[in-house]
Amino acid sequence: MYLIGSLWYILSQYTFGKERNAMARIQDKVNNYILDNQMINTGDRIVLGISGGADSVCLLLLLLEMASRYGYENKDIYAVHINHMLRGKEADMDEEFVRRLCQEKGVNYICYREDIAQYAKKLGLSLEEAGRKFRYQCFNKVVAEKGCNKIAVAHNKNDMAETVIFNMLRGTGLKGMSGMQPVRGNIIRPILGITREEILEYLSSRNQSYRNDSTNDGLDYDRNKIRHIILPAMKDINKGAIEHICHMALEAGNSYSYIHDMAMEDYAGVSDEDSFGKTVSLKISEVFKYSPVLQEHLIHEAIGDVAGEKRDITRKHIMAVVGLLYQDTGKQVELPYGIRARRSYDNLIISNKTDSISDYCIDITGKGVYSVLDKGSMEIEIIDYNQDVEISKKIYTKMLDYDKIKDTLYLRTPEDGDYIIIDAKGSTKKLSRVFIDNKVDRAYRSSWPVVACGREIIWAVGLRFSEAYKVDENTKHILCMKYSGKGEE
């Protein structure tokens, strides 16, 4: 009996020591990853996304254990749980598990409940994308309300490998190949440097329970197919598959950052926010000064500027826009987020909307300011002419011989049959031709402001002024027109 007891003691001490070593090793690994990526600083207040699964529970325990190292306390952590209301009683049990865990650890607990199925339907998103969108809305809400400055999420090396494979299957460039970043804005991923196996090993060493999400076991979601079929097959070929994918992602990320920084050095010089909508205009001659890979980065950045995000912009979309550089004016492609890219003469225009203003026709009855909703305004003044009056040469200010006007003047949108007199002999040119000659983007022509008398255009604002109404030695009264607004800006 003594021998059996001694063997049991030796074995238990060995097992206990092994568990302690595993715990310390993983703690050190995560701590070094946090330091290397400058994730946490003294005084940080952290929002922690916690589902109750192994990954997020592991992250909570590690952050609590390292609190003294980084100068924060348990009360500086706000654990946020989202009940997506997709799994009925199981989801409620997850919620209760997280609540009890946070109470046990002395951590602030906040829970949000949302019917993600209805939320996804309302926004036209997949369940996965809708859930992600709602989660980060909640995280950012807590950041604002509780004075936090970091959002910690529990992605790990396996998640990184899955993301890279997922991006490859969708069609991606270097950006997608780089997967997730350790730090992105105020979002930090402290356990991105350890594997799921290490997470389970750590929880086992702490004798810590966690919840299993049953939806992760099926093959209904694309990521689950990668997790349960593709990655295991890759690991059968090479046991170090996950490590190799993550290393490749790191190199891809470094390469992307270098190339992207080169492209962005002059990005502001070739982009211009267009006042007609949320638009970026790239001068094609400037884009061609860059190598093909930098052209792609410029275009990707322009699409992202207009869309406000780049998540669904794949290499296929970028290359479709690159193709417009070599096509005729008027060609266009549709992009995610309701974005449209088009070739317009010497410019590549990426916009989230076309100019959709309704037709308007405003009588100019005399002195005053005539406004067009969301477009601009025309200031009219009538003065006596003498030799001391200086005739304006400004693009958006024109002065005409008031006595030559024989009918009502209108500030309106273009109409079929509009023409303008272009010389002293009375030669005319169609307004449509004026637009072409001035390389006016087709999307803007229908709402371009003109001053007209019947079908005769007196002034296509900012483009051309009729020769028939110019001030001369016989002029007695001048009608001064000054246009201001989005067009002038």
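To keep it simple, each residue is scored yes or no on (1) under 22 Å from Glu251 (Cβ atoms); (2) modelled with pLDDT of 95 or more.
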position: Thr172; (1), (2): yes, no
position: Gly179; (1), (2): yes, no
position: Gly185; (1), (2): no, no
position: Thr195; (1), (2): yes, yes
position: Ser209; (1), (2): no, yes
position: Asn212; (1), (2): no, no
position: Thr215; (1), (2): no, no
position: Arg223; (1), (2): no, no
position: His228; (1), (2): no, no
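Tally the residues that are more than 16 Å from Tyr360 (Cα to Cα) and crowded, with 18+ Cβ neighbours inside 10 Å, restricting the search to region 424-455.
Count: 6.
When you go through (1) part of a helix (DSSP H, G or I); (2) exposed (fewer than 13 other Cβ atoms within 10 Å of the Cβ) one by one for Gly253, which number turns out not to apply?
Gly253 satisfies all of (1) part of a helix (DSSP H, G or I); (2) exposed (fewer than 13 other Cβ atoms within 10 Å of the Cβ) except (2).
Determine if region 52-74 includes at least one residue that is at pLDDT 90 or above, surrounded by fewer than 18 Cβ atoms within 10 Å (Cβ to Cβ) and among the acidic types (Asp, Glu).
For region 52-74, residues at pLDDT 90 or above, surrounded by fewer than 18 Cβ atoms within 10 Å (Cβ to Cβ) and among the acidic types (Asp, Glu): present.
Of everything in region 3-45, what is assigned to a helix (DSSP H, G or I), of a type in the set (D, E, K, R) and modelled with pLDDT of 85 or more? Give them in sequence order.
Once the filter is applied, which keeps residues that are assigned to a helix (DSSP H, G or I), of a type in the set (D, E, K, R) and modelled with pLDDT of 85 or more, region 3-45 yields Arg25, Asp28, Lys29, Asp36.
Filtering region 185-214 down to residues that are hydroxyl-bearing (Ser, Thr, Tyr) and crowded, with 16+ Cβ neighbours inside 10 Å, which residue is farthest from the chain's Cα centre (by Cα)? Don't jump to the end; show me each part of the working.
So in region 185-214, the residues hydroxyl-bearing (Ser, Thr, Tyr) come out as 195, 202, 204-205, 209-210, 214.
Then drop every residue that is not crowded, with 16+ Cβ neighbours inside 10 Å, which leaves 195, 202, 205, 210.
Details: Thr195: 29, Tyr202: 36, Ser205: 41, Tyr210: 34 Å.
Top of the filtered list is Ser205.
Checking Ile339 against (1) loosely packed, with under 14 Cβ neighbours inside 10 Å; (2) without any contact (Cβ under 8 Å) to a residue 40 or more places away in the chain; (3) not charged (D, E, K, R), which test does it fail?
The number of the failed condition is (1).
Quick check on region 197-206. Is at least one of its residues modelled with pLDDT of 95 or more, among the aromatic types (Phe, Trp, Tyr) and in contact with a Ser or Thr (Cβ under 9 Å, 6 or more places away or on another chain)?
no
Within region 190-206, count every residue that is in contact (Cβ under 8 Å) with a residue 60 or more places away in the chain and part of a helix (DSSP H, G or I).
First pass over region 190-206, keeping only residues in contact (Cβ under 8 Å) with a residue 60 or more places away in the chain: 190-194, 196, 198-206.
Going one step further and asking which of them are part of a helix (DSSP H, G or I), we end up with 196, 198-205.
Count: 9.
Look at Asn41 and say whether it is surrounded by fewer than 16 Cβ atoms within 10 Å (Cβ to Cβ), in the same structural domain as Asp220 (by TED's automatic domain parsing), in contact with a helix residue (DSSP H, G or I) (Cβ under 9 Å, 6 or more places away or on another chain) and more than 22 Å from Gly185 (Cβ to Cβ). So that I can check it myself, show each step before the final result.
Numbers: surrounded by fewer than 16 Cβ atoms within 10 Å (Cβ to Cβ): yes; in the same structural domain as Asp220 (by TED's automatic domain parsing): yes; in contact with a helix residue (DSSP H, G or I) (Cβ under 9 Å, 6 or more places away or on another chain): yes; more than 22 Å from Gly185 (Cβ to Cβ): no.
No, not satisfied.
Which one is modelled with the lowest pLDDT among residues in region 409-423 that are in contact with a Lys or Arg (Cβ under 7 Å, 6 or more places away or on another chain) and β-branched (Val, Ile, Thr)?
Filtering region 409-423 for residues that are in contact with a Lys or Arg (Cβ under 7 Å, 6 or more places away or on another chain) and β-branched (Val, Ile, Thr), the one modelled with the lowest pLDDT comes out as Ile422.
Report, by residue number, each residue of region 302-321 that is assigned to a helix (DSSP H, G or I), in contact (Cβ under 8 Å) with a residue 40 or more places away in the chain and in contact with a helix residue (DSSP H, G or I) (Cβ under 6 Å, 6 or more places away or on another chain).
Listed by number, the residues that qualify are Ala307, Ile318.
If I filter region 133-170 down to residues being under 27 Å from His244 (Cβ atoms) and surrounded by fewer than 16 Cβ atoms within 10 Å (Cβ to Cβ), which single residue comes out as modelled with the lowest pLDDT?
Per the criteria, the residue is Arg170.
Failed condition for Ser285, given (1) assigned to a loop (DSSP other than H, G, I, E, B); (2) surrounded by fewer than 17 Cβ atoms within 10 Å (Cβ to Cβ), with all others met?
It fails just one condition, (1).
When you check Met248 against the structure, is it assigned by TED's automatic domain parsing to the domain that holds Ser178, over 30 Å from the mean Cα position of the chain (by Cα) and surrounded by 14 or more Cβ atoms within 10 Å (Cβ to Cβ), yes or no? It would help to see each step written out before you state the result.
On the way: assigned by TED's automatic domain parsing to the domain that holds Ser178: yes; over 30 Å from the mean Cα position of the chain (by Cα): no; surrounded by 14 or more Cβ atoms within 10 Å (Cβ to Cβ): yes.
Against the criterion (assigned by TED's automatic domain parsing to the domain that holds Ser178, over 30 Å from the mean Cα position of the chain (by Cα) and surrounded by 14 or more Cβ atoms within 10 Å (Cβ to Cβ)), Met248 does not qualify.
Condition check: within 36 Å of the chain's Cα centre (by Cα) and of a type in the set (S, T, N, Q). Does Ser466 satisfy that?
no
Against the definition (closer than 23 Å to Asp213 by Cβ and of a type in the set (Val, Ile, Thr)), how does Ile116 come out, yes or no? Break it down stepwise before answering.
On the way: closer than 23 Å to Asp213 by Cβ: yes; of a type in the set (Val, Ile, Thr): yes.
Considered against the rule, which asks whether it is closer than 23 Å to Asp213 by Cβ and of a type in the set (Val, Ile, Thr), Ile116 comes out as yes.
Quick one: Glu473 ticks every box in (1) without any contact (Cβ under 8 Å) to a residue 12 or more places away in the chain; (2) in a helix (DSSP H, G or I) bar one, so which box is it?
(2)
Looking at Cys361 and the list (1) of a type in the set (A, V, I, L, M, F, W, C); (2) under 16 Å from Gly485 (Cα atoms); (3) loosely packed, with under 15 Cβ neighbours inside 10 Å; (4) in contact (Cβ under 8 Å) with a residue 24 or more places away in the chain, which single condition is not satisfied?
(2)
The values are calculated or read from the model by the stated rules, or taken from the named source; none is laboratory data. Note that this is a predicted model, so its numbers are computed, not measured. Glycine also receives a Cβ, built like all others from the backbone with ideal geometry; neighbour counts cover every protein chain displayed.
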